[in-house]
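Since the structure comes first, as structure tokens, the remarks are kept for the end.
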Amino acid sequence: MEVVYSDSEERKPGKLYRSPSDFFGVISSATHVTVEGDYPKIVEAYRKAGIKVEADSDSAEADPLKMKVDDLKAWLTTKGIEFDASAKKEELQALVPKE
């Protein structure tokens, strides 16, 4: 099932729509998730659950060293890099592979 988190009124058949403000946790039956807008906690939750996510915020800032903490955590998660959930920004940035 495809799940879309959006504040838009536009709806397409065959998809389950949810308001981002109503996010209470991962929908386990989701096979693909689209997040419209900047909601890094939703993105991170689904990526941690191993569910494919497309997010507007993916293209917002490409350089992980310039990302906000929530975005950086989501980025690290997508790269399969483990980190302590309570890590500070500098500690997270140290985990970014050097190119």
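Every read-out reported here was derived from the displayed coordinates using simple, explicitly stated rules and does not represent laboratory data. All values reported here derive from a predicted model rather than from experimental measurement.
Compactness check for the chain: Cα Rg over 2.2 N^0.38 Å is 1.12. Computed from backbone phi with θ = phi - 60° and the Karplus coefficients 6.51, -1.76 and 1.60, the 3J(HN,Hα) list for the stretch 76-88 is 4, 4, 5, 8, x, 9, 7, 7, 6, 4, 9, 4, 7 Hz; x is used for glycine and proline. The phi-based Karplus calculation (6.51 cos²θ - 1.76 cosθ + 1.60; θ = phi - 60°) puts the 3J(HN,Hα) values of the stretch 31-41 at 10, 7, 10, 10, 10, 9, x, 9, 10, x, 5 Hz, whole numbers, x for Gly and Pro.
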